[in-house]
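Single-structure report; data block below.
Values quoted throughout were computed directly from the atomic coordinates according to the rules given, and no laboratory measurement underlies them. This structure is a prediction, so every number in the text was calculated from the model and none was measured. Note that each Cβ is placed from the backbone with ideal geometry, even for glycine, and that neighbours are counted across all protein chains shown.
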Amino acid sequence: MNFVAAVAALVPESRSEGRPAIDWWGVVGSSAGLTLFMYGVIEAGRVGWGDPGTVGPLLAGVLVIAAFAAWELRLAAAGEMASALAHEINQPLSAIASYLRACQLMLDRPEAERSRLAGTLAAQMLGVAVGWRSRT
């Protein structure tokens, strides 16, 4: 009992701010596939494994579950693609922000050579643009 109280007191809430939408196609597909398959198994006990009333629901259940799995894999692939795209956009933007911050710090120094700094900044920005473009 003390363990439960300690966990409740010490472990912070970890619920996500945004709740993902319910995958209704996934709910329907998995439920239908499992229902068909289980109906086939139940019928096999009643009429035998070779009966069309058994084989049909078993095959239909397997096909629906396979379609459900393909649907979920497609959704996962789309999520991974969006993540990769966000990374490819974020990386050059982060580099640009870093270079701008460094230039701001250099400009704030009293002995800053503004002409040298402008050339360095232009070269760095060109390097970021060329590096990003060569990866695409």
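In whole Å, largest first, what are the principal axis extents of the Cα atoms in the range 39-89?
60, 13, 9
Between Ala97 and Ile42, what is the label-to-label distance in nm when each label sits 7 Å out along the Cα-to-Cβ direction?
For the pair Ala97/Ile42, the computed spacing is 5.6 nm.
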